[in-house]
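Okay, structure first, notes after.
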Amino acid sequence: MKLKGRAWRFGDDVNTDEIIPARYLNSSDPLFLATHCMEDADSEFAGKVREGDLIVAGKNFGCGSSREHAPIAIKASGVHAVIAASFARIFFRNAFNIGLPIFESREASQGIASGDEVMIDTEKGEIQNLTKQTVYRVKPIPPFMEKLIEAGGLIEFVKSSLKLKKKED
Amino acid sequence: MGMTITEKIIAAHADKATVAPGDIIMASVDVALGNDITAPIAIKEFRKICAGKVFDPRKIVLVADHFTPNKDIQSAEQSKMLREFAREQGLTHFYDVGRCGVEHSLLPERGIVIPGDLVIGADSHTCTYGALGAFGTGVGSTDLAAAMAIGKVWLKVPESIKFVYRGEMRKWVCGKDLILYTIGQIGVDGALYKAMEFTGDTISRLPMPDRISMCNMAIEAGGKSGIIAPDRIALDYSAGRSDRTPHVYASDGDAHYEKVIEFDVSSIEPQVAFPSLPENARGISKVGEVRIDQVVIGSCTNGQIEDLRIAAGIFKGKKVHPDVRTIVIPATQGVYAQALVEGLLEIFVKAEAAVSTPTCGPCLGGHMGVLAEGERALATTNRNFVGRMGHPKSEVYLCGPAVAAASAVAGRICSPDKMDNGL
């Protein structure tokens, strides 16, 4: 998989209240949530972001609540992937489960600035900063998570394992 | 090599003799929990897996606690979805307005979670159940959907960090202060992906509500779970609340810990976490002059009857400062009824505090006490992120019930000790 896009840089400990404030959680409509994506971190983000852009952040991205509305809002806003120095664990699970690609790279997190053109190459396991002409290493995705991605997310994974079980019965 | 309590509970639920940190396993769940914000997505995803029944209607718990009593039409629609799903599936445990409570207070109170259980919840504070000696962890709605269908969840076995608390706690110090102090020491990602195991002579004397506060906030240090090995206090609490048999696990003497961190609690003062991260904790003597507009006493961290007793003891015969709005929220109908019997609600009302029906409401800026621009709240809740309780330019400070009540009377953040001086 190759993903190329323009970066939006955020800081450390970006929490789910900033990604999608609770005042909008009376809806789970992805398009509605997208219009408020990242609102309490950057109130203009939803208006500025374009299809294919990337979010780049510091450590502990997505900390706080378990709300799946957070990765849903990011995905529906047009953002194709999130790169961070580290991710909070529930956000990490949720992103894989709903099919939002996320990449852990301390080097990329430090090296990329807002506006940089970035290319993620999962086969090579690297992130290229096309603007600064630098290359960063990416932490490999655990094999189980690769299986989830191959299946098309957790729901499809569960569906296929249920079908297998039926055959065995 | 021995195993930690967390590894033992996970192994037992994965039909394995042993597990080690880093293993990814499929675990059977004893309880799968959702609320009126997270369950609607889970129900939609569940329908994508199958049109039939959930794996076990006794093990799925739905609690309409966040935006209830419903604050608007959209949140009413979300609660309606839970209600209809619960009826259709014949769920044993669906809790609606009037029978409800803040989920993580309600489940222990009703004996729905018992020692040795493995619990997942589409709510980050599911780590609370470690107070009972259960493994509890927060997941997302899609994870909940999968668990509703197959009764299983994938888990990476976490490394454990052992926290040892020694010594006597000072006056007014409670479990909330210990955990705020701990998060202040290790940071909001200091236990990222880890199980936080709380031990030591201080913990062995710690009452249940304080244990609940501590395990509840493991997530605020990035923890996957928090846990206290079940002892007489936990078993006595659990006894008579459930007809299931508790399983008592304990860490082996040679269990592996990624780190062991020790604290002498005798030097810890009541804590206040400054905006906008729980790690910004400092002792009450180092707070300085901080005026407040609102005080909230409640939530899954500090809405138990014991918390209300502490607050009522301070409010008795006094009035909330004229510049402050105070909102007291018993965590469950059970707590509300007990507070009524004990005359605590009368004390709050006479002190000019508002008493609310159980709800998560203001903790997440949902309703029942949302802040305007520039306003400042002191709350016994668990998060003080930017915009957590309302406007992005409002502020939240976190503390225990004694500091909250004393500050409500004083109009600024202050120690309950000041009350004794006739303030």
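Look through B:I114, B:I73 and report the one residue that is β-branched (V, I, T) and out of contact with any helix residue (DSSP H, G or I) (no Cβ under 8 Å at 6 or more places or on another chain). Unique residue meeting the criteria: B:I73.
If I ask for residues that are within 21 Å of B:I43 (Cβ to Cβ) and within 10 Å of chain A (Cβ to nearest Cβ), which ones from region B:149-165 would you list? Within region B:149-165, B:A149, B:I150, B:K152, B:V153, B:W154 meet the criteria.
Across region B:74-90, not a single residue is classified as within 13 Å of chain A (Cβ to nearest Cβ) and within 19 Å of the chain's Cα centre (by Cα). Scanning region A:75-103 for residues that are of a type in the set (V, I, T), closer than 19 Å to A:S114 by Cβ and crowded, with 22+ Cβ neighbours inside 10 Å yields A:V79, A:V82, A:I83. Restricting attention to region A:111-139, the residues that are closer than 15 Å to A:V82 by Cα, loosely packed, with under 14 Cβ neighbours inside 10 Å and not charged (D, E, K, R) total 3.
Within 14 Å of chain B (Cβ to nearest Cβ), farther than 19 Å from B:S75 by Cα, in contact (Cβ under 8 Å) with a residue 24 or more places away in the chain and not in a strand (DSSP E or B): does that describe A:D17? Against the criterion (within 14 Å of chain B (Cβ to nearest Cβ), farther than 19 Å from B:S75 by Cα, in contact (Cβ under 8 Å) with a residue 24 or more places away in the chain and not in a strand (DSSP E or B)), A:D17 does not qualify. When restricted to residues that are within 19 Å of B:R211 (Cβ to Cβ), surrounded by fewer than 22 Cβ atoms within 10 Å (Cβ to Cβ) and either without any contact (Cβ under 8 Å) to a residue 12 or more places away in the chain or not β-branched (V, I, T) (or both), region B:148-164 contains 1. Tell me yes or no: at least one residue of region B:160-167 is farther than 30 Å from A:F92 by Cα and part of a strand (DSSP E or B). Yes, region B:160-167 contains at least one residue that is farther than 30 Å from A:F92 by Cα and part of a strand (DSSP E or B).
Each residue in region A:21-59 was checked for being in a loop (DSSP other than H, G, I, E, B) and away from chain B (no Cβ under 11 Å), and 10 of them qualify.
Read-outs: derived from the displayed coordinates by stated rules, not from any lab. No experiment lies behind these values; they were computed from the predicted model shown. Note: ideal-geometry Cβ built from the backbone for every residue, glycine included; neighbour counts use all protein chains shown.
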